[in-house]
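A short write-up of the structure that comes next.
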Amino acid sequence: MCPYCGVGCGLLVQVRDGRVAKVKGDPAHPANFGDVCAKAVHLPPILRTADRLVHPQLRHRRGGALERVPWELALRFTADRVREIVMAHGPDAVAFYASGQLLTEEYYVAAKLARAVVGTNNFDTNSRLCMASAAAGYWRSLGSDGPPAAYADLDVANCFLLIGTNTADCHPITFKRIRKRKLQSPDAVTVIVVDPRWTETADIADLHMPLQPGSDIALLNAMLHVLWREGLLDANFVAKHTSGWAQMRAVIERYPPERGAALTGLSPEIIVTAALRFGRARAAMSLWSMGINQSHVGTDKNAAIINLHLATGQIGRPGAGPFSLTGQPNAMGGRETGGLAHLLPGYRLVADAAARAVVERHWAIPAGRLPATPGRSALEIFEGLASGAVRAVWIMCTNPAASMPDLDLVEKALRQADLVVVQDAYHPTETTRFADVLLPAAQWPEKDGVMTNSERRLTYLPKLVEPPGEALPDTVILTRFAHEMGVKEPFQFASAAEVFDELAALTAGTVCDYSGLSHDRLRRDGPLQWPVPAPDHPGTERLYQDRRFPTPDGRARLVAVEHDEPLEPVDASFPLTLTTGRVRDHWHTLTRTIKSPALRSRTPEPILEVNLRDAQRAGIQDGDFVEITSRRGKAVAQCLVSAAIREGTCFLPFHWGRQSGFYKSANNLTLSGRDPISQQPELKACAVRLRRVAEPPA
């Protein structure tokens with residue numbers, strides 16, 4: 001399985017002389033049927049590079065140099081420091097920050113280590129920046145996390161609502177499948193793209209809706225108003241299978257298309273047209289990603305999308321459903337393992353005493369050992385480090401000093417921490433330069449395990465080559481650390497297969513039950529979608545086909561939500577809204593893709609997209625270098641002036657961190673305000689101003 005986005009493409013890998021020589025798509029894998037994007041094709045050159053971290057390193061004092069040390073010394077030093085901090089300040093003075101790129105087994109062992117050994121729920125991941133609002137949205141509306149639809153539905157849907165997603169760049173294989181469906185039946189299939197920018201995704205759209213950033217709820221409520229007014233709701237489904245319609249109706253009555261137009265900057269006519277196309281569709285799918293999730297009302301935006309599907313009965317049947325596009329390859333698997341600060345394995349909640357008791361028995365640890373209070377979410381971990389409430393952080397397979405908003409706060413937090421442990425495959429990165437302990441981790445495909453993609457499909461990844469130097473799989477590192485902490489019995493894992501078996505048994509009876517799976521079965525039968533509750537179960541293509549939902553009354557919830565402006569409105573000093581996102585050729589914070597000569601040459605630098613009228617007002621011409629300033633910092637980038645982005649909005653990709661050049665980082669500008677339910681930050685909207693600069697900084 002590909003280690004990049006949540007599409008979860010299957011790959012065929014050629015190994016020559018102990019190294020990966022070539023990568024291509026696997027025609028037998030149901031996520032991609034042999035298709036593959038450029039990032040996967042160019043995986044071979046990024047695996048063995050000069051900056052691979054191949055030996056443990058230790059900084060004996062702050063300000064001192066990192067020195068190579070044996071594994072035993074690195075783990076003993078770390079265990080001693082963690083014990084000291086716990087003794088002095090309590091277990092919640094320690095936090096773990098992990099990644100949706102970890103294998104499921106690694107996620108599981110890390111979360112178990114934090115809770116059962118250290119005794120803290122301060123275990124969160126960069127999925128908090130990615131899918132937290134979607135997960136919270138599914139929980140609130142449907143009763144549980146997990147996308148109801150599947151990729152197979154892309155082949156039979158006849159209406160696609162793409163909102164808050166540049167699918168062509170960020171999930172290119174999924175986009176190709178949608179485009180193929182559109183080209184096969186151009187008159188029967190409608191594609192609606194909601195995005196302030198005209199991107200390649202919009203090239204296939206019947207309707208492109210360049211709304212004002214942050215106004216998604218106003219649009220969705222106005223569309224629902226039209227469907228209600230025109231009698232296009234599924235009254236039978238609403239009455240039998242949902243709750244909350246009375247409250248919903250009271251809200252949507254206040255969102256006629258004229259008000260929706262005033263709030264979104266669109267025309268009433270295009271809102272009506274989009275609503276009617278969706279409401280009259282035989283089978284409608286909505287697909288979204290970070291443009292919806294990364295908002296201070298991201299959970300409400302998810303609810304507004306799901307409301308459309310519940311009110312029209314467009315869920316639990318072929319070609320229909322609300323389908324969030326996951327940003328990372330195993331963000332879904334991480335949530336299944338309890339890889340967020342409020343979760344335990346099997347989508348259990350840490351605040352649920354009965355759930356804690358089940359996990360304690362399964363882990364054979366004393367009753368009452370697991371803490372009952374949810375831990376710190378991602379940004380709260382770094383705020384705790386900055387304030388002194390958290391003293392130590394263990395960072396695995398992620399680069400928060402580049403990916404987090406408000407980077408000055410993140411760097412301050414890492415400088416002030418008593419202990420920073422970074423477990424990664426590369427050094428230096430923006431984050432590893434703050435480390436007191438560096439632990440070299442094996443990466444794809446130097447270890448084996450499982451990942452779950454966006455459609456709940458589990459794929460087994462075999463180990464194909466040996467890791468370089470002394471690098472070890474994350475499960476091995478974490479297990480050795482548990483032993484160093486004096487906890488051996490619950491961490492007697494001889495293989496990743498044993499870790500998976502323990503987790504799979506713990507999912508039994510839960511919504512994400514895959515107790516019928518094992519490494520052997522996934523190798524034999526291929527990728528399968530949960531639930532898979534028995535060894536002979538074929539997997540589950542889509543959820544809720546019986547129209548029952550995992551809520552106390554078995555009904556889905558229509559959640560009435562209201563439009564809310566972005567946290568940071570524009571004004572005379574900062575007249576533009578900056579939105580950030582990905583480009584096709586790069587991934588996250590460049591720790592992989594920038595090492596591919598082909599990908600680097602295609603997109604070597606960040607480019608700021610500016611509307612023609614905004615550029616004229618600022619005295620900027622196409623190709624100029626521009627200083628972008630927010631209330632938190634500055635960035636500098638060359639600009640592309642065009643009419644392809646909405647007036648009043650500019651766009652900057654977020655991949656480049658300060659290591660690439662201090663002023664290349666978009667997260668110098670972003671703010672850390674967040675959704676109160678999902679705790680996901682508002683990375684998609686902040687107020688900025690532009691100024692032409694004579695030449696780029698050195």
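Laboratory data are not the source of any read-out in this text; all were calculated from the coordinates shown. As the structure is a computational prediction, the values presented were derived from the model and not from experiment. Cβ placement follows ideal geometry from the backbone for every residue including glycine, while neighbour counts extend to all protein chains displayed.
Take the alpha carbon atoms of the range 379-426, find their center, do the same for the range 122-172, and report the distance between the two centers in whole angstrom.
Between the Cα centres of the range 379-426 and the range 122-172 lies a distance of 27 Å.
Give me a comma-separated list of calculated 3J(HN,Hα) values for the range 78-83, in order, Karplus coefficients 6.51, -1.76, 1.60 applied at θ = phi - 60°, integers in Hz, x for any Gly or Pro.
Karplus-based 3J(HN,Hα) across the range 78-83 equals 5, 4, 4, 5, 5, 4 Hz.
Once the Cβ-Cβ distance between Arg617 and Leu276 is put in as r, and R0 is 41 Å, what FRET efficiency do you end up with, to the nearest 0.05?
Working: r = 37 Å, r/R0 = 0.90.
Efficiency, from the Cβ-Cβ distance: 0.65.
What FRET efficiency, computed as 1/(1 + (r/R0)^6) with R0 = 35 Å and r the Cβ-Cβ distance, is obtained for Arg692 and Ala21, rounded to the nearest 0.05? Walk me through the numbers before you get to the answer.
On the way: r = 47 Å, r/R0 = 1.33.
Efficiency, from the Cβ-Cβ distance: 0.15.
Given points 7 Å out from each Cα along the Cα-Cβ axis, report the Ala188 to Ser573 separation in nanometres with one decimal.
In this crude label model, Ala188 to Ser573 measures out at 5.8 nm.
Kirkwood hydrodynamic radius for the range 132-324: how many Å is it when counted over pairs of different Cα atoms?
Numbers: mean 1/r = 0.0614 Å⁻¹.
Computed over the range 132-324, the radius equals 16.3 Å.
Checking a compactness column here: for the range 576-693, what do you get for Rg(Cα) / (2.2 N^0.38 Å), N being the number of residues?
Against the empirical 2.2 N^0.38 Å value, I get 1.05 for the range 576-693.
In terms of Cα to Cα distance under 17 Å, which aspartates and glutamates are near enough to Lys180, apart from those fewer than 8 places away along the same chain?
Output for Lys180: Asp35, Asp153, Asp155, Asp169, Glu200, Asp203, Asp206.
How large is ³J(HN,Hα) for each residue in the range 317-334, as worked out from phi by the Karplus curve 6.51 cos²θ - 1.76 cosθ + 1.60 (θ = phi - 60°), to whole Hz, x for Gly and Pro?
Whole-Hz 3J(HN,Hα) from phi for the range 317-334: 9, x, x, 10, x, x, 10, 6, 9, 5, x, 10, x, 10, 4, 5, x, x.
Report, in debye and to the nearest 20, how large the dipole of the range 1-46 comes out about its Cα centre when Lys and Arg carry +1 and Asp and Glu carry -1 on their Cβ. Provide the component values of the computation, followed by the final result.
Working: 5 positive and 3 negative charges, 32 e Å.
Roughly 160 debye, rounded to the nearest 20.
Starting with the fewest neighbours, write out Asp501, Asp536, Asp300, Asp80 ranked by other beta-carbon atoms found within 10 Å of each beta-carbon. Don't jump to the answer; show the numbers that get you there.
Working: Asp501 18, Asp536 7, Asp300 27, Asp80 12.
In increasing order of surrounding Cβ atoms, one gets Asp536, Asp80, Asp501, Asp300.
When the chain is fully extended, how far beyond the present Cα-Cα distance does Ala50 get from Ala283, taking 0.36 nm per residue of separation?
Numbers: separation 233, 0.36 × 233 = 83.88 nm, distance 5.06 nm.
Gain on extension, Ala50 to Ala283, equals 78.8 nm.
Given that compact globular proteins tend to follow 2.2 N^0.38 Å, what is the ratio of the alpha-carbon Rg of the range 336-403 to that value?
On the way: Rg = 14.0 Å, N = 68, 2.2 N^0.38 = 10.9 Å.
Here the answer is 1.28, to two decimals.
Per the Kirkwood definition applied to all pairs of different Cα atoms, how many angstroms is the hydrodynamic radius of the range 267-331? Kindly include the intermediate steps, with their values, before the conclusion.
Values: mean 1/r = 0.0772 Å⁻¹.
13.0 Å is the Kirkwood radius here.
Can you put His537, His588 in order, fewest other beta carbons within 10 Å first?
Details: His537 16, His588 25.
Placing the least packed residue first, the sequence is His537, His588.
What is the Cα radius of gyration of the chain over 2.2 N^0.38 Å, N being its residue count? Walk me through the numbers on the way to the answer.
Working: Rg = 24.2 Å, N = 698, 2.2 N^0.38 = 26.5 Å.
Rounded to two decimals, the normalised Rg is 0.91.
If you take every DSSP beta bridge whose two residues both sit in the chain, what share of them, in percent to the nearest 5, is antiparallel? Numbers along the way, then the final one.
Values: 36 of 82 bridges.
If we restrict to bridges inside the chain, about 45 percent are antiparallel.
Pairs Lys39/Lys301; Lys39/Lys595; Lys112/Lys412; Lys664/Lys684: which exceed 19 Å Cα-Cα?
On the way: Lys39/Lys301 30 Å; Lys39/Lys595 11 Å; Lys112/Lys412 29 Å; Lys664/Lys684 17 Å.
The pairs that break the limit, which is 19 Å between Cα atoms, are Lys39/Lys301; Lys112/Lys412.
Per residue and in cubic angstrom, what volume does the convex hull of the Cα atoms of the range 533-578 have? The partial results should precede the final answer.
Numbers: hull volume 8.8 nm³, N = 46.
Hull volume over Cα atoms, normalised by residue count, gives 192 Å³.
Please give, to one decimal in nm, the separation of the simple spin-label points placed at Ala152 and Ala28, each 7 Å out from Cα toward the Cβ.
Placing both labels 7 Å beyond Cα along the Cβ direction yields 1.9 nm.
Report the per residue volume, in Å³, of the convex hull enclosing the C-alpha atoms of the range 388-480. Intermediate results must be reported in sequence, preceding the final value.
Values: hull volume 12.3 nm³, N = 93.
Cα-based convex hull of the range 388-480, divided per residue, equals 132 Å³.
Give me the extension gain from Ala644 to Met87: residue separation times 0.36 nm, minus the current Cα-Cα distance, reported in nm with one decimal. List each step's numbers first, then the result.
Working: separation 557, 0.36 × 557 = 200.52 nm, distance 5.73 nm.
In short, 194.8 nm is gained.
Could you check the simple spin-label distance between Arg229 and Leu464, using points 7 Å along Cα→Cβ, in nm with one decimal?
5.5
Neighbouring Cβ atoms within 10 Å as the yardstick, rank Thr432, Thr299, Thr104 fewest first. Please report the intermediate quantities before stating the final value.
Details: Thr432 23, Thr299 29, Thr104 26.
The most exposed by this proxy come first: Thr432, Thr104, Thr299.
Express in nm, to one decimal, how much length is gained between Ala38 and Gln545 on full extension, taking 0.36 nm for each residue of separation and deducting their alpha carbon distance.
Difference between extended and current length: 178.9 nm.
Would you please give the FRET efficiency between Ala354 and Lys240, computed as 1/(1 + (r/R0)^6) with r the Cβ-Cβ distance and R0 = 30 Å, to the nearest 0.05?
Working: r = 30 Å, r/R0 = 1.00.
Working from the Cβ atoms, E equals 0.50.
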